[in-house]
Structure formats: C-alpha cells, structure tokens
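Okay, so here's the structure we're looking at.
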Amino acid sequence: MRGVVAWAVTAAWMLALLSGCAGTPQSRESGATVLAGVLGVEDLGEGFCIRAAAEGRGSQGPFHCESWGQTPAAAVEDLTDRAEQVVSCAHVEHWLVDESAVGELSSLLSYAFQEPQQSTETQLWVFQGGGLDRLFDGEQDVARRMTVLKAQGKDKQGFSPVTLREAAEALAGEEALLLPALRVEGEKLVFAGFGLYQDGEILRWLRGEEALGAALLQGERIHWTGSVGESSIVLQSLGCRVVPQWDGGILAGLSIRCRLEGTYTGGWQKQQSDAVQLEQETAQAMRLALHRMQAAGVDAAGLLGRAGLHCPVRWSALEGQWAEKFPGLSIDLRVEAALETET
C-alpha cells in the first residue's frame with residue numbers, strides 16, 4: 001500500500017510543472033520548431049543550465065542552445081519559449097544529468113512527465129567529471145553520438161540506461177538506483193560505470209570490474225573483452241538465484257547462484273579452461289559490486305525481492321530485517337558459465 005501511495009504522490013509531482021513542449025518527431029525541424037533529441041542539465045550554484053541538442057541533417061550542422069533558470073522547470077520553460085525559434089522537448093530520447101544536478105532528479109522527472117507526448121522510455125544518464133558544456137558546443141554532434149551509443153547498446157554493450165519510468169518507480173518506492181554514467185575521454189563519449197544513487201545523491205561510483213559485476217547481477221547482456229586469453233566474449237546473464245540463510249529466525253546470510261552464457265566473437269575458438277577462468281573473473285566482479293553496495297548500505301541489485309521469491313512464507317521476517325542486516329550479510333556467490341563459439 002505504501003508503494004501505491006508513493007506512486008500517487010510522484011504522479012502528482014509529474015503533473016505540477018511546465019508546459020510549452022510540442023512538436024512532431026518526423027524530422028529535426030518542423031517549420032520554426034526544432035525537435036531536441038538530447039537534453040543536458042547542470043546545477044551552476046545560482047540556478048540551472050539546460051542544454052539542448054538535435055542531430056545535424058544533410059548539410060546542416062548540429063543544433064545547440066542553452067537556457068538558465070532558478071529551477072530545472074524554469075530553465076526548460078525559458079528554452080522552449082523563444083521568439084525566434086520554438087524548441088520542442090516532447091520527444092527527447094536522452095537526458096544527461098550532470099553529477100552536480102542529481103539532487104534535482106525528482107524535479108526533472110516532474111518536468112518530463114508533464115508533457116503527454118514525452119516517452120516514459122526516455123533514457124537517463126548521469127554525466128561524470130565535468131565538461132558537459134563541451135558536448136553541447138561548436139561542431140560536436142552530441143545527439144548523433146548518443147544515437148550511435150544507443151544503437152551499440154542494443155547489440156554489444158549491456159550497460160543499459162535507466163528509463164524515466166524506472167527512475168520514477170524507484171523514487172516512488174524510496175529505492176536505490178544504479179544510474180549509468182558517461183564521461184568524456186579525449187574526443188569520445190564513453191560509458192564510465194554506474195552511480196549508486198539514493199535520496200538525491202550519488203553514494204558510490206562503480207567502475208571497471210564493479211560495473212561489470214553490477215550489470216551481470218541485474219541480468220544485462222554485455223560485450224566484454226576479458227582476460228580469457230585475448231578473447232572477445234558476449235556475456236548474457238541467465239539470472240541469479242538468491243536464497244536467504246537463516247539462524248533460527250535471524251537472517252544470517254545469502255547464497256547467490258548465477259548462470260552466464262558466453263559466445264565468442266571474431267572467430268575465437270573456445271578452450272576447455274576458459275569457462276573456469278570466466279566463472280572466477282565474473283564471480284569476483286559481482287563480489288566487488290556487492291561489496292560496494294553493502295558498504296553504502298543499499299540493495300541496488302534487487303536482491304531482497306529475489307530472496308523473498310525463494311521463501312515467501314518468511315517474507316515479513318526477511319523484509320523487516322533487511323535494512324539492518326544487509327550491510328553485514330555474509331554472501332556466498334558462485335557462477336556457472338557455458339561458452340559457445342559464434343556461428
């Protein structure tokens with residue numbers, strides 16, 4: 001019941017702010033209207049800067065503009081209400097939220113859900129390390145770069161962005177979020193791991209092996225070049241079975257059993273020892289991710305729900321003890337991997 005009430009409150013937020021976004025998604029421009037594909041948000045200390053971008057088409061260069069306001073909603077309203085040009089935010093595909101502005105995530109969601117045409121599947125990223133202004137400046141076509149990144153994510157990289165719908169549901173349920181992070185390396189926009197978000201702040205950053213482990217715990221498909229020889233492997237998590245361990249009526253630990261399926265790419269041939277090495281490396285990555293979550297005191301991998309499915313008759317005891325016990329729980333995690341050659 002608490003979740004239903006919380007969702008109702010969030011829905012009320014989402015009807016509270018901003019009007020003025022309109023347009024159709026058939027092209028970048030419709031008359032004097034520019035259809036923004038990417039929005040970036042920064043907190044400048046004395047207000048918010050909203051940056052908008054649309055892909056260049058044909059001989060046209062990329063479109064960029066920016067605006068300011070005391071709140072995210074006010075900044076977007078300034079962006080969309082311009083005499084010389086209407087900037088439509090109704091069909092934005094990506095929100096890039098600078099780490100300086102993550103404290104205003106609930107306000108950003110309120111804005112986004114105000115527009116009926118706004119897709120709840122718009123992808124949400126946290127931008128790490130500064131330099132967001134450089135992405136929305138000059139000849140940089142950030143909208144096209146995000147389109148390419150999204151396309152690569154479908155086939156290769158499993159670090160899928162959180163959608164606005166998923167973020168709203170997590171905030172309504174007072175749950176933690178793993179927000180995929182981006183940063184600029186040289187001239188490239190690259191995946192930078194996850195920001196462990198709760199209550200308006202990033203509690204921890206998960207990078208490298210920790211990010212790999214977090215993605216596998218969530219069941220992602222990942223294009224990963226590991227140290228299994230020099231092989232390139234596409235990994236697919238087939239799920240993790242989470243079993244609570246009890247000492248009488250006290251929650252004492254968790255047993256986690258994960259299954260992975262790997263496919264060699266690029267003509268690599270499998271070796272008999274590869275599966276064992278892969279199991280060891282991915283198990284270590286998942287342990288690192290779990291350690292970071294336990295250190296932060298938040299279950300961002302949905303382990304509570306999966307543990308509850310294993311033993312529904314003890315759900316009340318499990319839920320009641322989880323917040324207190326989770327940070328110090330002993331976790332026995334093992335991985336079973338199967339490898340095949342690409343056909």
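What follows is calculated from the coordinates using simple rules that are stated; it is not laboratory data. Everything quoted here is computed from the prediction, not taken from an experiment. Quick reminder, even Gly has a Cβ in these numbers, built from the backbone with ideal geometry, and neighbours come from all protein chains shown.
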Exercise for the section: Work out the FRET efficiency for GLU187 and THR265 from their Cβ-Cβ distance, taking R0 = 30 Å, and round it to the nearest 0.05. Expected result: 0.70
Completion exercise
Sorted by chain and then number, the residues having a modelled amide H within less than 5 Å of the amide H of VAL162, at least 5 places away or on another chain, are LEU124
Problem - FRET efficiency, 1/(1 + (r/R0)^6) with R0 41 Å, evaluated for GLU340 and ILE250 via beta carbons - result: 0.45
Exercise for the section: Distance between Cα centroids, segment 281-343 to segment 178-202: provide it in whole Å. Expected result: 22
Exercise for the section: Under 1.5 on a/c is rounded, so check that first for segment 283-343, then, if it is not, pick prolate when a/b is larger than b/c and oblate when it is not; a ≥ b ≥ c are the square roots of the alpha carbon gyration tensor eigenvalues. Expected result: oblate
